[in-house]
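Notes for the one structure printed next.
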Amino acid sequence: MSTTLSIKNKSDIFVGRVEEGIERFLRGERVIVITDANIDRLYHDLVGRYEHISVGHGEGNKNLVTVQNIYSQLLEMGADRSTTILGIGGGIVTDIAGYVASTFMRGVDFGFIPTSLLGQVDASIGGKNGVNVAHYKNMVGTFAQPRFVISDVEFLRTLPERELRAGMAEVIKVAIVGDRELFEFVEDNLSASSYTDHILMQRIVLDSARLKADIVDRDECEKGVRRVLNLGHTVGHAIEKCSRQFNHGEAVAIGLWYIAQLSHRLGMLSAEERDRIGSLLRRVGFSLDMPVPMADVMREMRYDKKRSNDVLRVVLIESIGSCRIVEMPLSELERYFTVE
Ligand SMILES: NC(=O)c1ccc[n+]([C@@H]2O[C@H](COP(=O)([O-])OP(=O)(O)OC[C@H]3O[C@@H](n4cnc5c(N)ncnc54)[C@H](O)[C@@H]3O)[C@@H](O)[C@H]2O)c1
């Protein structure tokens, strides 16, 4: 069974079997794949069908040096404006591939085959393509929609458990933002064997993708409602920068928990719903203790893109399935976060 969602009638998100998706979206044009060594090794049958470029692992490689290397390789390969770039991999690969494709020769056609859960439910959808600059996460980037995204949950069978959990952090985020039913579905069905349950994972991927696609459809360039998708991310990005031990999803999980507590302290979120959020995150396997000194997190938050002067735009939780954006002075935020 497959389903196709669409953003602004220019980006199709296909959730189903990869071969069916490829048949539908690629019709003999020249394709150059951007991937990483893990995916090339595990899925060489797929990657090896195309000319391909491999990037290094980890957030430290999502930068302009990598981008510059890819531009050079594309030129050596004789890529031109009719070439389609296909990013196959996790969120790091698709962020890099999207940035390269949307800037190379002022933009060429591109599509993604996200292979991580985080990629399928979040990173590959919505056309935000960015890389890090020095200390700053996703600081340069474009808004440009991939022509297609092909999400096949079969890829999740080889994804390490830690990465599956990281993806669940984004699923829980999107559910808190706007899909209470999805939150309850995960609450009711999550178990150790869920990740290998094709039907269950397909529903989770589809529902998460649908909500994100719907929000992006209404606000492609993040001028308004799309900002709610940053729930938990200001704190999460700060943790990621303070400690390299945490991947994106792990840091977002802690960020979600801190925002749930803040929302409760501000009188918005009930204690019962705050605790449901905490207990679901713990059931997934996250440790929710702040792993780095709060002073360091606050320092990093001062660099956040969502800050203007000393006021930060924070997404708060009203209830599971409903969030609100509030502007808060950093000093006030600091007071709430540091008071036990
Ligand atoms: N553009 C956006 O809107 C957006 C949204 C959310 C996150 N992101 C970005 O996504 C990135 C995180 O993505 P991620 O969590 O997918 O990390 P990742 O890309 O590093 O992938 C995690 C690891 O899993 C491996 N992997 C991927 N798929 C696999 C598979 N099927 N089998 C075995 N191994 C596999 C990768 O090689 C990598 O080592 C961050 O840089 C974050 O900023 C972007």
From DSSP H assignment alone, runs of 4+ in the chain each adding -39500 (n - 2.57), the sum over residues rounded to the nearest 500 puts [θ] at 222 nm at -14000 deg cm²/dmol
To the nearest 20 debye, the chain has a Cα-centred charge dipole, built from +1 on Lys and Arg Cβ and -1 on Asp and Glu Cβ, of 740 debye
For the chain, percent of DSSP beta bridges that are antiparallel (nearest 5) comes out at 50 percent
Of Leu206, Leu312, Leu118, the most mobile residue in a GNM of the chain (C-alpha springs, cutoff 10 Å) is Leu312
The chain, Gaussian network, Cα under 10 Å: of Asp197, Asp207, Asp40, the residue fluctuating most is Asp197
Note on the chain: contact order normalised by length, alpha-carbon pairs under 8 Å, 6 or more apart, percent, works out to 15 percent
Of the range 21-41, those with amide N under 19 Å from the point 7 Å along the Cα→Cβ vector of Ser82 are 25-33
All alpha-carbon distances of the chain, grouped into 20 Å bins from 0, give the whole-percent distribution 33, 58, 9, 0
Relative contact order as a percentage, the range 242-340, C-alpha pairs under 8 Å and 6+ apart, gives 29 percent
Among GluC sites (Glu not before Pro) in the range 1-92, those in a DSSP loop whose Cβ has at most 10 other Cβ atoms within 10 Å are Glu29
Subtracting the Cα-Cα distance of Glu29 and Arg157 from 0.36 nm times their residue separation yields 43.1 nm
Here the averaged projected area of the range 1-129, based on the convex hull of its alpha-carbon atoms and given in nm², is 7.6 nm²
Taking alpha-carbon centroids only, the range 46-104 lies from the range 290-328 a number of Å equal to 32 Å
When the charge dipole of the range 1-136 is computed with +1 on Lys and Arg Cβ and -1 on Asp and Glu Cβ about the Cα centre, the Cα farthest towards its positive end, among Gly48, Thr35, Thr84, belongs to Thr84
Rounded to 0.05, the calculated FRET efficiency for the beta carbons of Tyr50 and Thr3 at R₀ = 25 Å is 0.45
Listed residues Gly21, Gly267, Gly89; largest mean-square fluctuation, Gaussian network over the chain with Cα springs below 10 Å, found at Gly267
Rounded to whole angstroms and listed largest first, the alpha-carbon spread of the range 111-152 along its three principal axes comes to 34, 20, 11
From the cross-link list Lys8/Lys212; Lys62/Lys212; Lys8/Lys137; Lys10/Lys212; Lys8/Lys223; Lys212/Lys241, the entries with a Cα-Cα span beyond 21 Å are Lys62/Lys212; Lys8/Lys137; Lys212/Lys241
Computed over the range 232-325, the Cα gyration tensor eigenvalues, each multiplied by 5 and square-rooted, give semi-axes in Å (largest first) of 21, 18, 10
So for R0 = 30 Å, FRET eff. of Ser331-Phe143 from the Cβ-Cβ r, to 0.05, ends up at 0.40
Expressed per residue, the solvent accessible area of the chain in Å² (1.4 Å probe) is about 42 Å²
On the formula 1/(1 + (r/R0)^6), with r taken between the Cβ atoms of Asp275 and Arg313 and R0 of 22 Å, the FRET efficiency rounded to 0.05 is 0.25
The percentage of the accessible area of the chain (probe 1.4 Å, all protein chains present) made up of carbon and sulfur atoms, to the nearest whole number, is 47 percent
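The values are calculated or read from the model by the stated rules, or taken from the named source; none is laboratory data. Because the structure is predicted, anything quoted here is derived from the model rather than measured. Positions of Cβ are generated from backbone atoms using ideal geometry, with glycine treated the same way; all protein chains shown enter the neighbour counts. Just the protein is used for accessible areas: all its heavy atoms, side chains included, with ligands, DNA and RNA removed. Shrake-Rupley method; radii C 1.70, N 1.55, O 1.52, S 1.80 Å.
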